[in-house]
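The values are calculated or read from the model by the stated rules, or taken from the named source; none is laboratory data. It should be emphasised that the depicted structure is a prediction, and the values quoted were computed from it without experimental measurement. Please note: Cβ atoms are built from the backbone with ideal geometry, for glycine as well, and neighbour counts cover all protein chains shown.
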Amino acid sequence: MVRLRNRLYDRGVLPSRGASVPSICVGNLTTGGTGKTPIVAWLAAAARRAGRRPAILTRGYLPRGAAGPPDEVRLYARLVPDVPVVVDGDRVRGSARATADGADLLLLDDGFQHRRFARDVDLVLLDAADPFGGGRLLPAGRLREPPSGLSRATAVVLTRCSRAGDEALARAEAAVRARAPDVPILREDHVVREVLSAGDAKPPSLDGAQVLVFSGIADGRSLVETVRSLGARPVRAADFGDHHAFTSAEVRSLEAEAAALGAACVVTTEKDLVRLEGAAAWRGLVPLAAPRIVPRLSAADRAVLARVVGFEIDDPEGE
């Protein structure tokens, strides 16, 4: 069914409609876990510095039981507060709203399969360690469409390359080349710019600390590896699944468990940190920290990406 739908769009049987301004889609082939949010925020900030007026278009997923703005929207408000975010499952309608409000560049957060909206650039993110999510389509696996969909990509970004290792990285590049031989392949790593804390508390030191780790993202293992890279020693890791809406009871249980285990602090993702506001706020019985992740590409790959997107791309670590 997915292949048939793509063929109908490829042949123009199903129509696509673009925007009146340039558009860049940052998407993937799998259900989450490739690190789209920090890359979209990085591109949005770079576009602003280049004199553009970008807007971010997102579906705005809200899990059952959640209230208020979607977590991506709240996180973008922290990362790029001067960039408007338009929430609409219909990207064509959302793009019209954004351009009417003055945007001259559109960044689609997770829209590679939204074929009804015709964009100018498709950046497809693949986890370098597992580019095709086990190789099976939903619901048996994590693929949203067959890997042959890479032929539509303008560029492919292999994310978290250092975690994959040289052999896995070579296999991932070969797999991409087999399906999209002429598409540029860029290598990216997630790096920690700083460690944040809940509220106004001073960020705790993680080096050598025993910590409890929890997350509500697609790939909780990536947070554990990040925590270890900072010198911390996880004594427990709780993975709640993607887009989890934390309850007050769950938060209190995590705080109590951390205290019982003698954890010096609790570590979560920045996206989860913004979820823990309001009813499920962290009480501070144990310090809560979150690493701020930024993407890192080589100067050569940033130059390729700049040609693809049409504006200068700088190094977020050098800002």
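Suppose the filter is in contact with a Ser or Thr (Cβ under 7 Å, 6 or more places away or on another chain) and basic (Lys, Arg); does Arg171 pass it?
no
Output the qualifying pairs, or none if there are none: Cβ atoms under 6 angstrom, residues six or more apart or on different chains, first residue in the stretch 88-105 and touching a residue at least 60 places away in the same chain (Cβ under 8 Å) and at negative phi, second residue of a type in the set (Phe, Trp, Tyr) and surrounded by 13 or more Cβ atoms within 10 Å (Cβ to Cβ).
Correct list of pairs: Val92/Phe117.
For the list (1) more than 17 Å from Ala281 (Cβ to Cβ); (2) surrounded by 14 or more Cβ atoms within 10 Å (Cβ to Cβ), I need the number of the one condition that Glu255 fails.
(1)
So Val156 fits all but one of (1) touching a Ser or Thr at 6+ places or on another chain (Cβ under 8 Å); (2) crowded, with 21+ Cβ neighbours inside 10 Å; what number is the exception?
(1)
Suppose the filter is buried (at least 18 other Cβ atoms within 10 Å of the Cβ), assigned by TED's automatic domain parsing to the domain that holds Asp301 and touching a Ser or Thr at 6+ places or on another chain (Cβ under 7 Å); does Ala218 pass it?
no
Identify the residue in the stretch 182-225 that is at pLDDT 90 or above and in contact with a Phe, Trp or Tyr (Cβ under 8 Å, 6 or more places away or on another chain) and, among all such residues, is nearest to Glu270 (Cα to Cα).
Ser215
Determine whether Asp301 is of a type outside the set (Lys, Arg), under 30 Å from Thr159 (Cα atoms) and assigned to a loop (DSSP other than H, G, I, E, B).
No: the conditions fail for Asp301.
With respect to Val176, determine if the residue is farther than 28 Å from Val274 by Cβ, at pLDDT 95 or above, touching a strand residue (DSSP E or B) at 6+ places or on another chain (Cβ under 6 Å) and assigned to a helix (DSSP H, G or I).
yes
Condition test on Ala175, is it of a type in the set (Gly, Ala, Ser) and under 16 Å from Asp130 (Cα atoms)?
yes
Please return the ranges of helices (runs of 4 or more DSSP H) entirely within the stretch 1-85 where 2 or more residues are within 18 Å of Glu145 (Cα to Cα) and either touching a residue at least 12 places away in the same chain (Cβ under 8 Å) or outside the structural domain of Arg144 (by TED's automatic domain parsing) (or both).
Hits in the stretch 1-85: 2-10.
Do the conditions hold for Ala129, that is, is it surrounded by 16 or more Cβ atoms within 10 Å (Cβ to Cβ), farther than 16 Å from Thr30 by Cβ and in the same structural domain as Gly33 (by TED's automatic domain parsing)?
no
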